[in-house]
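Chemist: The following block contains the structure, expressed as structure tokens.
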């Protein structure tokens with residue numbers, strides 16, 4: 001007859017062995033799963049945080065040039081830009097320089113009344129008078145010829161007409177001195193002298 005205590009001990013030992021075998025099988029399953037996960041190859045050796053968002057080397061920061069092309073206007077809509085023709089000041093009517101060699105032909109033999117400015121390069125007021133005479137030359141084009149003579153280079157002409165200071169404006173008609181304006185004067189003074197010459 002088997003003692004019940006011995007049966008109990010045998011049952012406990014068997015159950016303990018079953019627990020050990022089951023736990024060992026679980027451990028083996030876990031180790032197998034971990035080893036299988038570690039063996040899965042990555043698609044790239046580069047970490048995901050360092051991988052580019054786009055497979056192409058271009059990104060949104062460097063778009064294609066074709067995307068930046070401006071729309072073109074059809075050829076039939078192109079109109080030429082018409083700018084007003086600006087006349088250069090070099091081609092405007094101004095007092096022309098005159099020298100001793102041209103004095104006779106330009107002044108004394110002129111059939112049109114003539115105005116001559118006697119000036120010097122170092123004379124500031126002479127420039128003011130010259131600007132006034134340039135305006136008068138444009139306004140009286142065809143009625144009056146305007147010239148300018150440099151007294152530094154043609155002193156002989158200045159001495160012949162007793163020019164002792166500059167600026168001086170002389171008016172000639174038919175080769176003869178008709179009127180004069182000495183010093184810097186308003187434009188009205190020169191216009192009045194010119195009108196006297198033209199009306200005489």
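Bear in mind that the values in this text are calculations on the coordinates, not laboratory data. Please read all numbers here as calculations on a predicted model, not as lab measurements. Counting neighbours? That spans all protein chains shown, and the Cβs are built from the backbone with ideal geometry, glycine included.
Chemist: Considering only residues of region 111-136 that are assigned to a loop (DSSP other than H, G, I, E, B) and touching a strand residue (DSSP E or B) at 6+ places or on another chain (Cβ under 6 Å), which is surrounded by the most Cβ atoms within 10 Å (Cβ to Cβ)?
Modeler: Result: 113.
Chemist: Provide a single number: the residues in region 137-160 that are touching a strand residue (DSSP E or B) at 6+ places or on another chain (Cβ under 8 Å) and either assigned to a helix (DSSP H, G or I) or loosely packed, with under 15 Cβ neighbours inside 10 Å (or both).
Modeler: The number of residues fulfilling the criteria is 3.
Chemist: So, one more: In the set 197, 181, 166, which member is in a strand (DSSP E or B) and either touching a strand residue (DSSP E or B) at 6+ places or on another chain (Cβ under 6 Å) or buried (at least 17 other Cβ atoms within 10 Å of the Cβ) (or both)?
Modeler: Numbers: 197 fails: in a strand (DSSP E or B); 166 fails: in a strand (DSSP E or B).
None of the others qualify; the one that does is 181.
Chemist: Out of all the residues in region 164-184, which are in contact with a helix residue (DSSP H, G or I) (Cβ under 8 Å, 6 or more places away or on another chain) and in contact (Cβ under 8 Å) with a residue 24 or more places away in the chain?
Modeler: If the condition is that a residue be in contact with a helix residue (DSSP H, G or I) (Cβ under 8 Å, 6 or more places away or on another chain) and in contact (Cβ under 8 Å) with a residue 24 or more places away in the chain, then 166, 167, 169, 171, 172, 173, 175, 178, 183, 184 are the ones that fit.
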